[in-house]
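Heads up: the structure comes next, in structure tokens.
The values are calculated or read from the model by the stated rules, or taken from the named source; none is laboratory data. Because the structure is predicted, anything quoted here is derived from the model rather than measured. As a convention, Cβ positions derive from the backbone with ideal geometry for all residues, glycine included, and neighbour counts pool all protein chains shown. We work out accessible area using only protein heavy atoms, side chains counted, and drop any ligands, DNA or RNA first. Shrake-Rupley method; radii C 1.70, N 1.55, O 1.52, S 1.80 Å.
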Amino acid sequence: MIWQQLQSLAGSYPLALRGLGMTVMLSLISLVLGTALGFGLGILRTGGNRLISSVIGAWVDLIRGTPFLVQIFLIFFILPEFGIELGAFTAGIIALTNLAACFICEIVAAGIRSVPTGQVEAALASGLSRWQRMRQVVLPQAMRIVLPPLVGQYVLLIKDSSVVSAIGLTDLTRVGWLVVQRVPNGLLVFFLVGVGYFIVCYPLIMLARRLERRMGQAHGEVQL
Amino acid sequence: MSTPSQAKTGMIDFRGVNKWFGPLNVLKDITLSVEPREVVVVCGPSGSGKSTLIRCINGLETIKDGDLIVDGQRLGDPATNMTLLRTEIGFVFQSFNLYPHKTALENVTLAPIHVRKIPRAEAEQAGRDLLAKVGLADKVNAYPSQLSGGQQQRVAIARCLGMRPKIMLFDEPTSALDPEMISEVLDVMVAVAEEGMTMMVVTHEMGFARKVAQRVVFMDAGAIVESGTPEAFFSAPKTDRSRAFLSKILRH
Ligand SMILES: Nc1ncnc2c1ncn2[C@@H]1O[C@H](COP(=O)(O)OP(=O)(O)OP(=O)(O)O)[C@@H](O)[C@H]1O
Ligand SMILES: [Mg+2]
């Protein structure tokens, strides 16, 4: 019985690899895009324009205050009603990127706010432009505060990506659902799915811990 | 004292400047002109508006009314490029504000490289020379956290000098320092003054004022109460408030 199941599982190996590939792909693309967008939003959020800052703040609150499953359904099922047709993959990328950007925005904004005003004043006084102040003085110091929670957030987002299986993307979680129909051993199947996520996340967890430790030694800037 | 017929413009020219923080009138009708190469010391009790006064000059604070003309340019005028003007004005902070993630040399060369667009090698050579000039030739590659307060403040002064400014502003540059480090910073400031820099220095260091200042300005409650040569101000203060202030700082 169990032997048969294992054999059948082994037969699902290509499907599992595809699912793992999809999960990694989705996570990677949306984390890269979400990080870029999140840094942009975080910089704008602290940029001094009240209107821009509060619009971003409201959006971030909205996204953080609603279930990701609901967001992904809205993007995938509701947008087509307004004539915007999206493939499941694109919808998944958009939803995950947006989620990542919102969390990262707040992390980056907190990092920027932690840099003492005297630093900005010194940069201002020496004639550095807004972007130069950000690039040369503020961000390198903010990274100390930003990096550990940023990497931690990556782990959460990779796990959140499992929600895209709900709109039919064959990621690791959905592969679990498919396989369990042929191999009726949910415990074993989803144990293996969990192992798949863990293999992707564990290096990041280690990295976050390592970064946290290095904070104390750096001269205000973190080298990986 | 002034010749109203000739509206001569100083390097720094306050004309009836007022500033409020909310309901608080922190600068009251300030009129003050600082000539090129002049060294003016500003003193007064805590909260009298000394920092605010010099922070207006490079636009770290903005003024409500009156005119403030710096190096021939009126602040707040749309034609005045504030970022460009700031490159001509060095500002030394009480708390140094060195960039903690950059070495002493990188602190000094950052603005010359990125703002003045000086080639890196050239900026680094000039930076080394400046650090040597303030007595820190051996600390070129040290991070601020590896330097004493006095050393950090000397790096901060070198950082300003690296931009070859026309004006240097100092906001209590020695009051965060242990007593034994004060003179090493003052010596550097004296050297800068003797090279003909236009300077406004908020300080209670009377020895420094006597040595290099042409003028001492005494502020109280946002207004300039008295202004005169160091000699006159320290030996014969004219107002009760300045006498009270001097008796307090002299006791130290
Ligand atoms: N950002 C601010 N917002 C509101 N009030 C301020 C601000 N900065 C300064 N003040 C107030 O303005 C007044 C003048 O402050 P300022 O720092 O110029 O005084 P100061 O003469 O430099 O004092 P100190 O010797 O303590 O440095 C004080 O009453 C202070 O509380
Ligand atoms: Mg002050």
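Structural remarks
- Of all residues making up region B:114-136, the number that are within 14 Å of chain A (Cβ to nearest Cβ), within 27 Å of B:A193 (Cβ to Cβ) and free of Cβ contacts under 8 Å to residues at least 24 places away in the same chain: 1
- If you go through region A:164-191 and keep only what is among the small types (G, A, S) and open to solvent by 10 Å² or more (accessible area, probe 1.4 Å), you end up with A:S165, A:A166, A:G168, A:G186.
- When region A:7-40 is filtered for residues that are within 9 Å of the chain's Cα centre (by Cα) and buried (at least 18 other Cβ atoms within 10 Å of the Cβ), the ones remaining, listed by number, are A:S27, A:S30, A:L31, A:G34, A:T35.
- Any hit, region A:146-163, residues being more than 10 Å from every other protein chain (Cβ to nearest Cβ), open to solvent by 40 Å² or more (accessible area, probe 1.4 Å), among the basic types (K, R) and farther than 25 Å from B:M82 by Cα: yes
- The lone exception for B:N18 - which of (1) over 15 Å from B:I167 (Cα atoms); (2) open to solvent by 40 Å² or more (accessible area, probe 1.4 Å); (3) more than 9 Å from ligand 1 (Cβ to nearest atom) it fails: (2)
- Unique residue being surrounded by fewer than 21 Cβ atoms within 10 Å (Cβ to Cβ) and at pLDDT 95 or above when the list is B:P119, B:P144: B:P119
- Of all residues making up region A:56-66, the number that are over 10 Å from A:L99 (Cα atoms), in contact with a Leu (Cβ under 9 Å, 6 or more places away or on another chain) and open to solvent by 60 Å² or more (accessible area, probe 1.4 Å): 1
- Failed condition for B:T31, given (1) within 16 Å of ligand 2 (Cβ to nearest atom); (2) at pLDDT 95 or above; (3) surrounded by fewer than 21 Cβ atoms within 10 Å (Cβ to Cβ): (1)
- In region B:51-66, the qualifying residues are those that are away from chain A (no Cβ under 14 Å) and open to solvent by 10 Å² or more (accessible area, probe 1.4 Å), and the one that is nearest to ligand 2 (Cβ to nearest atom) is B:I63.
- Listing of helices (runs of 4 or more DSSP H) fully contained in region A:1-93 that carry 1 or more residues being charged (D, E, K, R): A:13-45, A:50-64
- Residues satisfying the stated conditions in region B:162-187, i.e. more than 15 Å from ligand 1 (Cβ to nearest atom) and open to solvent by 20 Å² or more (accessible area, probe 1.4 Å): B:R164, B:K166, B:D178, B:P179, B:E180, B:M181, B:I182, B:S183, B:E184, B:L186, B:D187
- Residues satisfying the stated conditions in region A:136-150, i.e. aliphatic (A, V, I, L, M) and under 17 Å from A:I205 (Cα atoms): A:I145, A:V146, A:L147, A:L150
- The residue pairs whose first member lies in region A:12-26 and is over 14 Å from A:W177 (Cα atoms), whose second member is at pLDDT 90 or above and open to solvent by 80 Å² or more (accessible area, probe 1.4 Å), and whose beta carbons are closer than 6 Å, counting only pairs six or more residues apart or on different chains, do not exist in this structure.
- Subset tally (residues that are modelled with pLDDT under 95 and either within 14 Å of chain A (Cβ to nearest Cβ) or within 16 Å of ligand 2 (Cβ to nearest atom) (or both)) for region B:178-211: 2
- Qualifying positions in region A:41-55 - at pLDDT 95 or above and surrounded by fewer than 15 Cβ atoms within 10 Å (Cβ to Cβ): A:L51, A:I52, A:S54, A:V55
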